[in-house]
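These notes are about the structure you will find just below.
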Amino acid sequence: MNYVMLRSRMIDKGLTVREGTITQRIAHFEKALKIIIPPKNQSDRTCFRNIANWMLEKCCCEIFNPDECLSRVIDFAIEASGPESKNPHAVFISILKKELKYPD
């Protein structure tokens, strides 16, 4: 998946991470993650929900700027889902831990 394909799918589904309340934006962000890296099981869905909750907390505490950070994490997911990635979920979490200090 690339950014153009994701943007098209998000528009089709009425999703945006740039407009609305922070909780709406985070909900759309979580749905975008599921489009980019489709969850294979309940653990993957829980992981995305935990990431979304973590992002919400960081944005509400003004540690992260949602205008910058949500798009950046979406870029990480697109990078992790590249054709050479055998396990995009693991690659995505690894990038989050390295770049944003996502907790274990």
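What follows is calculated from the coordinates using simple rules that are stated; it is not laboratory data. Source: prediction; values computed, not measured. Because the Cβ atoms are built from the backbone with ideal geometry, glycine has one as well, and the counts that use them run over all protein chains shown.
Just to be sure I understand: with springs between alpha-carbon atoms less than 10 Å apart, which residue in Ile37, Ile74, Ile11 has the highest mean-square fluctuation in the Gaussian network model of the chain?
With Cα springs under 10 Å in the chain, the top fluctuation among Ile37, Ile74, Ile11 is at Ile11.
Scan region 1-72 for trypsin sites (Lys or Arg not before Pro) in coil per DSSP, keeping those whose Cβ has at most 13 other Cβ atoms within 10 Å, and list them by number.
When the trypsin sites (Lys or Arg not before Pro) of region 1-72 are filtered for loop state and at most 13 Cβ neighbours within 10 Å, Arg18, Lys40 remain.
At a Förster radius of 25 Å, what calculated FRET efficiency corresponds to the Cβ-Cβ distance of Lys101 and Glu62, to the nearest 0.05?
FRET efficiency, Lys101 to Glu62: 0.95.
Near Lys101, which lysines are there with a Cα under 20 Å away, not counting those fewer than 8 places off in the same chain?
Those lysines meeting the cut-off are Lys58.
List the GluC sites (Glu not before Pro) within region 41-79 that fall in a DSSP loop (any state other than H, G, I, E or B) and whose Cβ has at most 12 other Cβ atoms within 10 Å.
Glu62
In vacuo Debye scattering of region 3-100, one point per C-alpha: log10 I(q)/I(0) at q = 0.17, 0.20, 0.22, 0.25 Å⁻¹?
Evaluating at q = 0.17, 0.20, 0.22, 0.25 Å⁻¹ gives log10 I(q)/I(0) of -0.71, -1.01, -1.23, -1.55.
Each residue of region 29-39 in turn: what ³J(HN,Hα) in whole Hz from Karplus with 6.51, -1.76, 1.60 and θ = phi - 60°, glycine and Pro shown as x?
4, 4, 5, 5, 4, 5, 6, 5, 10, x, x
Please check which bits of region 20-60 a label hung off Asp12 would reach, taking the label as a point 7 Å along Cα-to-C-beta and the cut-off as backbone N under 13 Å.
It comes to 35-36, nothing else.
Tell me what the chain gives for mean residue ellipticity at 222 nm when only DSSP H runs of n ≥ 4 count, each as -39,500 (n - 2.57), the sum divided by the residue total, rounded to 500 deg cm²/dmol.
-23000 deg cm²/dmol
Determine the dipole magnitude for region 13-104: charges of +1 sit on the beta-carbon of Lys and Arg, -1 on that of Asp and Glu, nothing else is charged, the reference point is the Cα centre, and the result goes in debye to the nearest 20.
320 debye
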